[in-house]
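What follows is calculated from the coordinates using simple rules that are stated; it is not laboratory data. Small disclaimer: the values here were computed from a predicted structure and weren't measured. Neighbour counts run over all protein chains shown; Cβ positions are idealised from the backbone, glycine included.
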Amino acid sequence: MDNTHLLLAVSGTLFTLGLVGVIVRRNLLVMLMFLELMLNGVLLSLAVFTQLLGVEAGAVLMLLVFTVAAAEIAIAVPILLLLVRAGHTLDPGAYGGLKG
Amino acid sequence: MTAMNGMLTLLVLLPLAGFILNGVLGRRLGPVFVNGVGVGLPILAFLTALWAWRTLEAGGGVPIIETVFTWAVIGEHVFEVAFYLDRLSAVMALIVTGVGALIHIYSIGYMRGDEGYARYFAYLNLFLFFMLLLVLGRSLLVLFVGWEGVGLASYLLIGFWFQDVTKARAGRKAFITNRVGDAGFLLGMFLIFTTVGTLEMDRINEAFAGGLIPLGVATAVGILLFIGATGKSAQIPLHVWLPDAMAGPTPVSALIHAATMVTAGVYLVARMSGVYLEAPAASTLIAAIGVLTAFLAATIALVQTDIKKVLAYSTISQLGFMFLALGVGAYGVAVFHLFTHAFFKAALFLGAGSVIHALNGEQDIRRMGGLARRIPWTFGTFAVATAAIAGLPPLAGFFSKDAILWFALASGQGGAAWLWALGSLTALLTALYMFRLLWLVFLGRSRMEPETERHVHESPVTMTAVLVVLAFFSVIAGWFALPHYLEPLLPVPALRFDSALLHWAQIGFAVVLALLGLAAAAWLYQDGGRRGDEAWERFQRLHRMLAGKYFVDELYERTLQRPWRWLSDRIFLRLGDRVLIDGSLHGLAGLARWSAAVFARVQSGSLHWYAWMTLFGLVAVLIWVWRHV
């Protein structure tokens with residue numbers, strides 16, 4: 001097993017860990033963190049393939065995704081704060097009434 | 001000869017213009033405009049018809065063909081809207097526009113103040129338009145458009161006072177009964193087209209005259225077209241609509257249900273005489289149906305108590321006479337009777353309208369009597385027309401009816417003694433019921449209700465003048481030798497025996513019969529019909545049967561309407577409409593609702609549930625990729 005395979009395995013593990021965390025945990029803040037973990041897993045695989053195939057655009061795309069992810073979190077955390085201020089809990093089950 | 005000066009097109013379009021103008025603007029512009037357009041244009045149409053007739057005669061009677069436009073080209077078949085004027089259609093056009101114009105003038109007085117004054121004239125003009133289309137069309141297709149159109153106009157005018165449910169229903173009955181006949185007409189047209197390959201009537205006649213058409217086809221065509229004619233011309237078994245059609249305004253009864261539209265069947269058979277000459281079996285059927293209709297309708301007319309119903313049955317009876325003539329090959333004679341009948345029957349109906357007008361809507365002849373001195377003009381013209389229809393010489397009906405009876409006996413194309421005997425008996429009954437009507441309405445002592453009697457008044461001059469004109473023509477119309485005039489088109493049948501003596505005896509006998517009817521009516525009904533009532537006391541069963549019109553309506557109700565209603569209700573409504581159509585729609589809606597309920601659960605609002613579903617989706621996609629790539 002060479003480096004590439006190892007890195008891809010790490011990437012898959014990160015993604016799976018993140019997914020399991022999102023599903024299993026009942027704390028919105030922790031779920032957000034696990035979402036970031038999933039994103040990191042995906043980005044890692046993107047970085048590996050960029051190196052492997054020698055496509056520079058991949059590196060640019062990666063930087064872009066980082067930026068977008070940062071922006072997302074910047075919006076998600078204030079929303080979460082507002083939710084908690086209104087509902088006094090971090091349990092997502094309490095906000096089922098928000099379905100469209 | 002092909003004249004392209006648009007004369008016939010103008011003739012047809014004048015009443016249509018009247019319909020459109022009156023229909024769109026009539027209500028807004030008031031009665032002066034309505035009169036000007038609604039009466040003026042039919043008079044113009046009559047003048048145009050006269051001009052067309054003069055042109056025809058100037059050309060020596062060679063048919064004038066005027067192609068208006070090409071309707072459709074299907075493969076090698078070309079369907080044109082073309083007008084065809086020969087002596088037959090000229091006579092018909094003159095009757096339609098002439099009598100039509102007179103009745104329009106009469107209507108000014110009769111319909112004054114009616115709420116639907118403009119609508120009435122619009123419909124009446126529409127009728128004239130379609131009738132002219134029917135009479136002048138060269139192709140059976142154009143004739144059929146007119147044929148359906150006059151049916152529509154008839155329906156609209158019978159149900160003119162549609163707020164009254166019985167009147168609206170009478171209109172519907174007329175329309176539906178006519179559809180039965182039309183089905184036969186259409187089938188006949190199909191058969192002609194597949195056999196001959198054209199629907200232009202002059203060509204059809206030529207093709208059949210060639211003698212190459214098999215007898216079976218000719219007979220089938222003849223019978224199918226005759227079925228169409230029985231519908232329009234109220235012959236047995238489709239006669240039931242005409243008496244009910246009297247629900248319309250009286251001038252409408254005079255124009256549509258006596259003088260013109262109901263004679264369309266006679267015109268059709270006469271026009272297609274080339275077919276009937278090749279189909280003796282169909283001709284025999286026509287003669288038999290004609291004479292039976294004439295006789296049975298006359299017997300019913302004997303006991304009717306509604307003035308318009310008597311005249312309605314008399315119309316059916318006279319149409320029966322015309323078909324008798326057609327059946328024995330005397331086509332010109334049938335048209336002759338059509339011609340004379342148009343005048344005296346229009347005069348009778350308009351006279352009846354004048355009586356009803358005078359009595360403020362009273363139609364029951366048991367509550368009339370003694371009107372002769374109160375409304376002398378109406379009485380005088382009505383008496384002349386009565387004598388004309390009864391066949392007293394030298395009035396119009398005498399000549400035409402006598403010719404029919406003579407050919408019923410002597411024609412080489414199906415003349416028979418029994419046709420003549422039944423026809424003569426009918427002639428006797430005709431004189432009897434018509435003079436009964438005259439006596440009960442105008443003579444004897446008054447049986448009117450005092451309130452009605454005080455208001456009796458002679459009709460305005462627009463009405464009486466028309467009556468006088470029509471009565472005048474009822475006198476002289478028989479002096480035109482119409483069968484001779486039409487002979488180049490409609491050959492007179494060869495006689496079985498050429499005996500002038502027998503002919504004179506026949507004429508004498510017919511006159512004796514008419515006088516006998518007059519005498520019997522005078523004796524039975526001179527004093528309010530007391531003797532007549534006593535006579536009927538002895539034949540109560542017969543009287544009940546005649547008063548019930550042989551219970552044909554009831555028979556149709558039992559044998560046709562009820563099964564149809566059952567079928568419509570059970571099969572078409574409950575099974576077809578409610579179960580199949582509604583059921584399938586409701587089923588589809590239910591399916592949508594059920595699946596919506598199922599899928600709504602997916603979107604529960606639980607974040608974890610969404611995450612799980614994402615997981616399942618991812619796993620499923622991965623498996624699929626692994627399997628297929």
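Quick notes on this one:
- Calculated FRET efficiency for the pair B:Arg445/B:Asp164, C-beta based, R₀ 41 Å, to 0.05: 0.80
- The ranking of B:Phe616, B:Phe83, B:Phe472, B:Phe407 by Cβ neighbour count inside 10 Å, starting from the fewest, reads B:Phe616, B:Phe472, B:Phe83, B:Phe407.
- For chain B, the longest principal axis of the C-alpha atoms and the axis of helix B:607-628 are separated by about 90°.
- Taking the three principal axes of the alpha carbon atoms in chain B, the coordinate ranges are 114, 66, 53 Å, sorted in descending order.
- Under-5 Å amide H pairs with B:Thr67, H placed in peptide plane, nonlocal only: B:Phe83
- With N counted as the residues of the stretch B:207-322, its alpha-carbon radius of gyration over 2.2 N^0.38 Å works out to 1.15.
- Descending semi-axes in Å of the stretch B:144-214, equivalent ellipsoid built from Cα gyration tensor: 36, 11, 7
- Extending 7 Å from Cα along the Cβ direction at B:Trp71 and again at B:Trp609 yields two label points whose distance is 6.7 nm.
- Each residue of the stretch A:3-94 gets 71 Å³ once the volume of the Cα convex hull is shared out per residue.
- Restricting the calculation to Cα atoms, the stretch B:460-585 yields a radius of gyration followed by a Dmax of 27.3, 79 Å.
- Net length available on complete extension from B:Asp582 to B:Asp498 is 23.1 nm, with 0.36 nm assigned per residue and the Cα-Cα distance removed.
- In terms of overall dimensions, the C-alpha atoms belonging to the stretch B:389-537 reach 59, 43, 21 Å along their principal axes, ordered largest to smallest.
- Centroid-to-centroid, using Cα positions, the stretch A:55-100 and the stretch B:117-142 are 80 Å apart.
- The protein assembly as shown - Debye-derived log10 I(q)/I(0), Cα point model, q = 0.06, 0.10 Å⁻¹: -0.48, -0.96
- Relative to the dominant Cα principal axis of chain B, helix B:396-410 is inclined by about 80°.
- The C-alpha radius of gyration of the stretch B:551-628, expressed as a fraction of 2.2 N^0.38 Å, stands at 2.40.
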